[in-house]
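Values quoted throughout were computed directly from the atomic coordinates according to the rules given, and no laboratory measurement underlies them. These numbers were taken from a predicted model, which means no experiment stands behind them. Every residue, glycine as well, gets a Cβ built from its backbone with ideal geometry; the counts of neighbours run over all protein chains shown.
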Amino acid sequence: MSRLYGDPIEVWVRDGHPAQFVWRDRLYTVREIQDHWVVAREWWKTSDADPGERRFWRVGAAAGKEVGTYELRFDTASGGWLLLRAWD
């Protein structure tokens, strides 16, 4: 079962991929990249000349003994990261 969140997170990147992130005051270490995709933002919905894109990663990560699957999103226009979804 998955749960939707949309929580801002802090992410450390290594070789262009998320390596660690902090969510709800817990440090998670990415163990595997399960999927990665990029979605171009709709230029007509933004006022910028460069609307950017959204980069998504589905990762297996652990915080201590807690292991799970998480979907992370990076918005190139804002430079912000979100944790969108978590699976038990």
| Quick one, which of (i) 1.00; (ii) 1.15; (iii) 0.94 is the actual Rg/Rh (Cα atoms, Kirkwood Rh) calculated for this model? | (i)
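Nothing charged except the Cβ atoms of Lys and Arg (+1) and of Asp and Glu (-1): what's the magnitude of the dipole of the chain about its Cα centre? Round to the nearest 20 debye.
On the way: 13 positive and 14 negative charges, 46 e Å.
Roughly 220 debye, rounded to the nearest 20.
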